[in-house]
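Data first, discussion second: the structure below is written as structure tokens.
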Amino acid sequence: QDKNIYDTGTLMRSGRVIVDGSGLRVVYDEDYAALVHYGGYIVPYGNINARVYLPPKPWVDSVLFGGGPVAPFDLAGVYEQEIRKVLGL
């Protein structure tokens with residue numbers, strides 16, 4: 001679906017990018033972050049008869065690697081551009 005998954009902004013604000021010797025990681029601290037990304041079932045109000053499937057919305061993967069509704073972010077291109085600025089090229 002083309003529906004915007006942004007609601008309150010809580011999930012978005014919980015995100016951070018970690019860069020270390022292992023590489024780059026995008027981390028979200030909200031408990032439901034994995035459910036939004038990978039999808040899964042919820043049981044609204046504890047009613048087991050009302051089990052609902054939430055489809056995955058792997059938008060972080062889409063932005064970084066492509067395959068989603070928006071063009072992937074050109075991390076290598078931005079990185080190269082910034083290095084060129086620093087080096088005066």
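Readers should treat all values here as calculations from the given coordinates under stated rules, not as data from a laboratory. As the structure is a prediction and not an experimental result, all values here were calculated from the model. Glycine gets a Cβ as well: all are built from the backbone with ideal geometry, and neighbour counts include every protein chain shown.
Just subtract the alpha-carbon distance of Leu89 and Tyr38 from 0.36 nm times their residue separation and send over the number in nm, one decimal.
On the way: separation 51, 0.36 × 51 = 18.36 nm, distance 4.20 nm.
Extra length from Leu89 to Tyr38 when fully extended: 14.2 nm.
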- [ ] Calculate I(q)/I(0) for the chain by the Debye formula, one identical point scatterer on each C-alpha and no solvent, and give its log10 at q = 0.20, 0.21 Å⁻¹ to two decimals.
- [x] -1.13, -1.19
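Do you know the relative contact order of the chain, to the nearest whole percent, from alpha carbon pairs under 8 angstrom that are 6+ apart?
Numbers: 82 pairs, mean separation 13.3, N = 89.
This gives 15 percent for the chain.
Quick check: residue separation of Gln81 and Arg51 times 0.36 nm, minus the Cα distance between them. What number comes out in nm?
Numbers: separation 30, 0.36 × 30 = 10.80 nm, distance 4.85 nm.
Once the chain is fully extended between Gln81 and Arg51, it gains 5.9 nm.
Based on the mean of other Cβ atoms within 10 Å per residue, sort peptides 56-68, 73-85 so the most packed one is first. Display every interim value, and only then the final one.
Details: 56-68: 13.8, 73-85: 10.2.
So the order, starting with the most tightly packed, is 56-68, 73-85.
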Open item on the list: Give me the tail of P(r) for region 28-68 as a percent: Cα-Cα pairs with distance above 13 Å.
Closed with: 60 percent
